[in-house]
1. Can you give me the long-range amide H partners of ALA400? Hydrogens built in the peptide plane at 1.01 Å from N, cutoff under 5 Å, separation of 5 or more residues or another chain.
2. Which log10 I(q)/I(0) values, to two decimals, does region 277-422 give at q = 0.16 Å⁻¹ under the Debye formula with one point per Cα?
3. Using only Cα atoms and rounding to the nearest 10 degrees, what angle (0 to 90) does helix 298-308 make with the longest principal axis of the chain?
4. What FRET efficiency do you get for ALA199 and ALA76 if R0 is 41 Å and r is their Cβ-Cβ distance, rounded to the nearest 0.05?
5. Taking the Cβ of each residue in THR359, THR233, THR345 as the centre, tally the other Cβ atoms inside 10 Å and list the residues starting with the fewest.
6. With the cut-off at 1.5 for a/c, could you classify region 368-459 from its C-alpha gyration tensor as rounded, prolate or oblate?
7. List the trypsin sites (Lys or Arg not before Pro) in region 57-132 that DSSP assigns to loop (not H, G, I, E or B) and whose Cβ has at most 14 other Cβ atoms within 10 Å. Which are they?
8. Taking the Cβ of each residue in LEU390, LEU417, LEU125 as the centre, tally the other Cβ atoms inside 10 Å and list the residues starting with the fewest.
Amino acid sequence: MSWSPESWKTKKIAQDVAYDDPLEVAAAVDALRVLPPLVTSWEIDRLRGFLGDAQAGTRFLLQGGDCAETMSDCRAEVIVDQLKILLQMSLVLIHGGRKPIVRIGRFAGQYAKPRSSPIETRGDLSLPSYFGDLVNRPAFTAQARRADPRLMVDAYHHSALTLNFIRSLSAGGFADLHHPEAWDLAFLRHAALDPDLRASYERTCRQLGEALGFMEALGEVTVDQLTRVDFFTSHEGLNLHYESAQTRHVPRREGHWDLTAHLPWIGERTRALDGAHVEFFRGIRNPIGVKLGPKVEPAEVVALLERLNPDDERGRMVLITRMGASQVEKALPPMIEAVQRSGRTALWVSDPMHGNGITTAGGIKTRSFDDVLGEVERTFDVHAACGTILGGVHFELTGADVTECIGGASGVREEDLGLNYASACDPRLNYAQAMEMAFRISRRMAKTRRNSRPPRAVG
Ligand code: PEP
Ligand code: CO
């Protein structure tokens, strides 16, 4: 089974883009081939090591960001908000789990979207669906919806701009965001919040503030060094023209590296064993994610691991389950057990967003905070019962005050969805909902930690 960065072209391409001019595609791919990489192989190796630790339970993965990044949102305040929410959530998670958090953004390349239908109809007019800014434009006109290969190059440039700013912020100038006293936690005062939870969140914030203050008072190490802010990048590796154009050899290293992101993943709609995406991903050296919905056969999960990670390399495979709150207890255990029986290893991560979509009577796509939290909690339970480790969580979220998901203490109601619905695709948790989610998961991690501590010797 020989492999090349182009061998995917011999396979069936799910969600293939109907470009109308192959010469234009070739020109865009040629341009991308010579542009410098967005990430490096040694950063990718570092992430692989961290993911291996998360697999073993000594780190925890927090992956999050937009469902669909847009080029018009490639702006300072949007990027800062995204980093801020991931950073603040990660500090809350460190507090509960007492282990380092690996932060991975769905950013700097999350521009291609799979769609359930290739065509969208409004009234009498049918046009190609919007497949993300890497492919076409959201406006409902024939011109905007034409698949334009040059957008791949634009998406690359916007990814580079985003990443450049992220790298600068991570290297400094970001420290104030470490301080819980500067966080916007107004939602904690909301009447709908259970008093016991409120007390626990406030305690967490106080303790975090005290711990950070204490470390700063020591003076020898800055908080910045202690909580060294690393952000890795990830996106769905959907458009294989784009991915393979940036896939290359690296001097003095073996193999091919997809240098568009540290962690590309295969989506639920493109993970066919004999399809183009699995073919492409099996040949790259990056760690890779695979989304798994409730319909995947347990034997298929094992077959995917065999195909994508034949040597069972540590930190290579991230299995991102997105079952739906009502399915997880039924669908997840057989998958975990099949993997256990096969003797293969992977990092298990919960994406509690994509199995919990609902549409309101008015036709708005939303998700309920309780369903999202319910899926995470049940996924923790299932792994505990199976003797496996849930090593991370994956969210669609934003640091802005959008009204896209309903529920949570700050109480976005169905009738509020129109107030600030800004997502280009799926509904995201807003700042307050994402923070509350982090507090809930952190509490859960703290409880597990306390319960698993060996009993003290008596007498
Ligand atoms: C996504 O992560 O935005 C997505 C489309 O997910 P899935 O492939 O799990 O449906
Ligand atoms: Co989505």
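1. TYR431
2. With one equal scatterer per Cα and no solvent, log10 I(q)/I(0) is -0.86.
3. Orientation of helix 298-308: about 70 degrees from the principal axis.
4. That gives a FRET efficiency of 0.65.
5. THR359, THR345, THR233
6. The shape class here is prolate.
7. Those satisfying the criteria are ARG75, ARG98.
8. LEU125, LEU417, LEU390
FYI, it's all coordinate maths here, none of it is from the lab. Note that this is a predicted model, so its numbers are computed, not measured. So basically every Cβ, Gly included, is an ideal-geometry build from the backbone, and we count neighbours across all protein chains shown.
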